[in-house]
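S.K.: Pasting a structure below so you can have a look.
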Amino acid sequence: MNSPRRDALQVFMDVVEDGAYANLRLKDIHRAPSEQAYVSSLVYTALEHVKWADYMLSYYVKPQKKAVRNILRLGVSELFFMDTPDHAAVNGAVELMKECGKGALSGLVNGVLRRMLREKDSLPPLPADPAARLSIQFGCPEWIVKEWLSRFGEEETVRLLSFDPPAMELRAQWPFTNEELAAALDVPYARGQVDDHCFRLNQSIPVSSLPLFREGKIAIQGEGAMAICRFMGDMRGKRVLDACAAPGGKAAYLWSMTEGDIDLTCYELHPHRVELMQRTFARLHVQAKCEARDAAMIPEDATPSFDAVLLDVPCSGLGLIREKPDVALHRQESDLKELCLTQAALLNSCARFVRPGGILCYSTCTISLRENEQQVEAFLQAHPEFTLDDQRQLLPQRDATGGFYMARMTKCI
């Protein structure tokens, strides 16, 4: 049987070398809870610090082939950024080399890690340029760091990149109440500051195995995503379209906030994600019409019949890099061109579904002028029938949430 470190190595390699999603790959690992937590912690720590590890390793060892390179990355991350005792981190990396059939190179790994440990107080300095330095220090693409430095300054950018998200966020699903959820939780929590219906836990719990989860009384959802639903306003008695709905968390929260007094329609491009959404709705007792449909394509029978359209578009995801470091690892600036085209197409299409006097709510989970403020500005210029009611950019260091953006626009009567 593979050791926990071997499992972590395989997941890590699948993510950094082949572009897999860490959260999905980790679901394939089945171990005792303590070992499962260790594997997840090692994978996410290494993903968060891969730029730093590569920068430091470049001073200590020449480029290595895939297996050795990634074992060194894991070893450096565990040695410098986890609570593992120094000798255990070094010995663990050496044993992992042997377990992978690379025993002849175990001495190399041992030597590199021990030398770095001896020199931990005099490691090579990071670059003087702020964008390059912060990119390496926090594992964030340099191009977006430059934008944030320009917008927020260095001190605020460091605070943004340093945000430590809660281990888990939960909410009650109507008719279960916040008071009942508070009484049921036996771990410390804090209530959200943007939406106090969010319960922020400082440790993960096996939620899916709890009766409350199976009975549809609680949902796992981040406060930033919840804030988007709040931002839409009172949806009681309204006909609402969630145009990019899977996996269904926002639609389910709208249902909960209105106590079921809402006419919900949910579009999703991919049929398998529609099925996932329908299972979520069944568990949470949500009634909604679900369709496998490309919201960017304007149907011939499109009618402006919805009181509100929620358009949570595909985006760069850079507002969640602390929760999802693999997003930052793979995201390229060149990706934004195609993403922005998709976002514009969705806006243009979904505007057709809004009735006069209705609202269109555009949202992302990123901090990017091109995807957020500039995208909305371009839409409003092309669609004078809409006016901007409000827009909001949540910032981790200020709002203690992910970096979500939302804009609410009203269609003129």
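So that you can scan it fast, the table gives a plain yes or no per residue for (1) without any contact (Cβ under 8 Å) to a residue 40 or more places away in the chain; (2) buried (at least 16 other Cβ atoms within 10 Å of the Cβ); (3) more than 22 Å from residue 328 (Cα to Cα); (4) touching a Pro at 6+ places or on another chain (Cβ under 6 Å):
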position: 29; (1), (2), (3), (4): yes, yes, yes, no
position: 57; (1), (2), (3), (4): no, yes, no, no
position: 76; (1), (2), (3), (4): no, yes, no, no
position: 87; (1), (2), (3), (4): yes, no, yes, no
position: 95; (1), (2), (3), (4): no, yes, yes, no
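S.K.: On to the next question. Which count do you get for residues in region 223-275 that are surrounded by fewer than 19 Cβ atoms within 10 Å (Cβ to Cβ) and part of a strand (DSSP E or B)?
M.R.: Total meeting the criteria: 2.
S.K.: Quick one: in region 166-188, of everything that is touching a Lys or Arg at 6+ places or on another chain (Cβ under 8 Å) and surrounded by 18 or more Cβ atoms within 10 Å (Cβ to Cβ), which residue is modelled with the lowest pLDDT?
M.R.: Applying the filter and picking the extreme gives 166.
S.K.: A follow-up question, please. Please indicate, with yes or no, whether at least one residue in region 137-148 is out of contact with any helix residue (DSSP H, G or I) (no Cβ under 6 Å at 6 or more places or on another chain) and either in the same structural domain as residue 337 (by TED's automatic domain parsing) or within 18 Å of residue 80 (Cα to Cα) (or both).
M.R.: yes
S.K.: A follow-up question, please. In this structure, does residue 328 turn out to be in a helix (DSSP H, G or I), touching a Gly at 6+ places or on another chain (Cβ under 9 Å), surrounded by 16 or more Cβ atoms within 10 Å (Cβ to Cβ) and not assigned by TED's automatic domain parsing to the domain that holds residue 146?
M.R.: The answer is yes for residue 328.
S.K.: Next up: Among strands (runs of 3 or more DSSP E) lying entirely in region 160-204, which contain 1 or more residues that are under 18 Å from the mean Cα position of the chain (by Cα) and under 23 Å from residue 325 (Cβ atoms)?
M.R.: 168-172, 199-201
S.K.: Right, here's the next one. Looking at region 350-375 only, could you name the residues that are outside any strand (DSSP E or B), in contact with a Cys (Cβ under 8 Å, 6 or more places away or on another chain) and within 16 Å of residue 403 (Cα to Cα)?
M.R.: 365, 366, 368, 370, 371
The values are calculated or read from the model by the stated rules, or taken from the named source; none is laboratory data. Quantities reported herein were computed from a predicted structural model and do not represent experimental measurements. All Cβ positions, glycine included, derive from the backbone under ideal geometry; neighbour counts span all protein chains shown.
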